[in-house]
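Report on the structure given below.
What follows draws every value from the coordinates through simple rules; no lab data is involved. Model, not experiment: these values are computed from the prediction. With ideal geometry, Cβ positions are generated from the backbone for all residues, glycine too; neighbour counts draw on all protein chains shown.
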Amino acid sequence: MIKPAMSLDPSPTPDGPERFARLFATHQQGLLRYILMLTGRLEDAQDVLQETSVALLRKIGDYDDTRPFMPWARRFAYYEVLRYRESRSHDAQLLAPDVIDLLSDEAEKAEPLLEARRNALASCMSKLTEPQRELLGRRYADNANLKTVAEETGKPVQTLYTQLKRLRLALLDCIDRTLRQEANG
């Protein structure tokens, strides 16, 4: 039997694992932040995120593309946090179940504002100069300490500290201004 040739359509509808990979890659950091808020420890949050990704992959066929992915995925993460908590019930550092419920509810309520702030931040970042974006990226995206950045750039640590402080304040002001403009019209 001859196999049909591959489709030349450049945008086939992804399904199964590919569909999951695209959705999960887009929302992975947001899920990790949500889980971290519920667990309180990065190591725990990473473990729960891994279990959440497995659960999501198993159920991706049930996902309705007409609805937002993040609330659907957060439900899975919530239940994985509860499972993780149950498996670690001997650990006194775990949050009480009612606190987890409260945090989960608050995270869902806050998501639209956080998304608007992330979008505003992206817009504000695009207005910075390349050296400014590089400094912020080096410090925060790459998680480099100021001493390392100073050695790489040949600038004093105090100068970089001052530049970063000014950039953070400028970005905060830009985000607030952007959100006010969007709210007003």
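Here are some notes:
- Counting every other Cβ atom within 10 Å of each residue's Cβ, 129, 153, 26, 52 order from fewest to most as 129, 26, 153, 52.
- A Förster radius of 35 Å, combined with the Cβ-Cβ distance separating residue 182 from residue 64, puts the computed FRET efficiency at roughly 0.80.
- Cα lying deepest toward the dipole's positive end in region 43-156, options 50, 110, 124, charges on Cβ: 124
- FRET efficiency, 1/(1 + (r/R0)^6) with R0 30 Å, evaluated for residue 125 and residue 75 via beta carbons: 0.45
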